[in-house]
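Colleague: Pasting a structure here, questions to come.
What follows is calculated from the coordinates using simple rules that are stated; it is not laboratory data. Owing to the predicted nature of the structure, the values given are computational and were not obtained by experimental measurement. Cβ coordinates were reconstructed from backbone atoms using ideal geometry, including for glycine residues, and neighbour counts include every protein chain displayed.
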Amino acid sequence: MGLDSIERGISLFAGAIAMILAAVLSPHLLKATWVTDSAKPSKLKTCAAGFHLVLSLCERHRLTHPSDWLPQFLEILIVGLAIIFFALRRKRAGVAVGGLLLGLALGSVGLPFLFVGGWLIIRALRLQKYGDASFRGSSIKAREVAKARREGRTVDTSPPGNSITTKSASAPAPSKRYTPKKRTRKTR
C-alpha cells in the first residue's frame, strides 16, 4: 500500500511547491509590509470606513507586522516538510493527510494540494478493492466482478499475493451452552 513511482514523484513535487510557497512568504517575516485589502462596493458605489473606491473595487492599504505572517509560514513549512518526509518513506496516508490539511488551510491557493490528497485517497481505495490503483486496471477488475455476479459465480478481487481463505457459508454448529434443548412433544 506504499506510494508507487508516479505517486511519489507527484508527492515530492507537491512538497517542493509548499517549500516554494514558504520561501515566497518568508520576506514578510523580516520586516513590516504593506498589504492591500479589496472589497466590493455597495449598490450605491460607496465603500466601508477606511476603504476608498479605485475603479470598481474598494481598497485599503494597511501595515502588517511580521508576527501576522508567522502562523501561516510555519504551517506551510511544517506540513510541506511532512509531505516530503512521507513521500520519501512512501507512506500514502501521510502524504494524503498532509495534502488535504495544506489544501484546506490555504484556500484557493491550496487547490493543488487538495487534488493530490484526494487523488491519493481514491487510488488507495481502488488498490484496496481491486488490487490495482490505476483507472484501467480497476475498471477491468470491476467489469470482471460484474460479469461474474450476473452469471452467479464469485471472483477473487483480493490483490495478488494475498492468501485469504474463506469458509463455506454453512450455518455454525449449535452451541451446547447457548442453544436451548428442544422439547419433545408428548403424544396422547
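Colleague: Could you give the angle, 0 to 90 degrees to the nearest 10, between helix 111-130's Cα long axis and the longest principal axis of the Cα atoms of the chain?
Modeller: Computed tilt is about 10 degrees.
Colleague: Antiparallel as a % of all DSSP beta bridges within the chain, to the nearest 5?
Modeller: Around 100 percent of the beta bridges assigned by DSSP in the chain are antiparallel ones.
Colleague: Give me the distance between the Cα centres of segment 1-51 and segment 78-116, rounded to whole Å.
Modeller: When both Cα centres are located, 15 Å separates them.
Colleague: If you don't mind, another one. Rounded to the nearest 500 deg cm²/dmol, what is the calculated helix-only ellipticity per residue at 222 nm for the chain, with -39500 (n - 2.57) per DSSP H run of length n ≥ 4?
Modeller: On the way: 5 runs with 96 residues, N = 188.
After summing the helix terms and dividing by the residues of the chain, the value is -17500 deg cm²/dmol.
Colleague: Hey, another quick one. Tilt of helix 5-25 relative to the longest C-alpha principal axis of the chain, in degrees (0 to 90, nearest 10)?
Modeller: 30
Colleague: Oh, and also: Among the trypsin sites (Lys or Arg not before Pro) within segment 122-154, which fall in a DSSP loop and have no more than 12 other Cβ atoms within 10 Å of their own Cβ?
Modeller: Working: sites: Arg123, Arg126, Lys129, Arg136, Lys141, Arg143, Lys147, Arg149, Arg150, Arg153; in loops: Arg153.
Loop-located and lightly packed - Arg153.
Colleague: Please compute the contact order of segment 1-123 in relative form: average sequence separation of alpha-carbon pairs under 8 Å and at least six residues apart, divided by the residue count, as a percent. Let's see the in-between values first.
Modeller: Numbers: 161 pairs, mean separation 35.5, N = 123.
Once divided by the residue count of segment 1-123, the mean separation gives 29 percent.
Colleague: So how tilted is helix 92-106 from the main axis of the chain? Cα-based, degrees 0 to 90, rounded to 10.
Modeller: 40
Colleague: A further question follows. Could you list the square roots of 5 times each eigenvalue of the Cα gyration tensor of segment 5-130, that is, the equivalent ellipsoid semi-axes, sorted largest first and rounded to whole Å?
Modeller: 37, 19, 9
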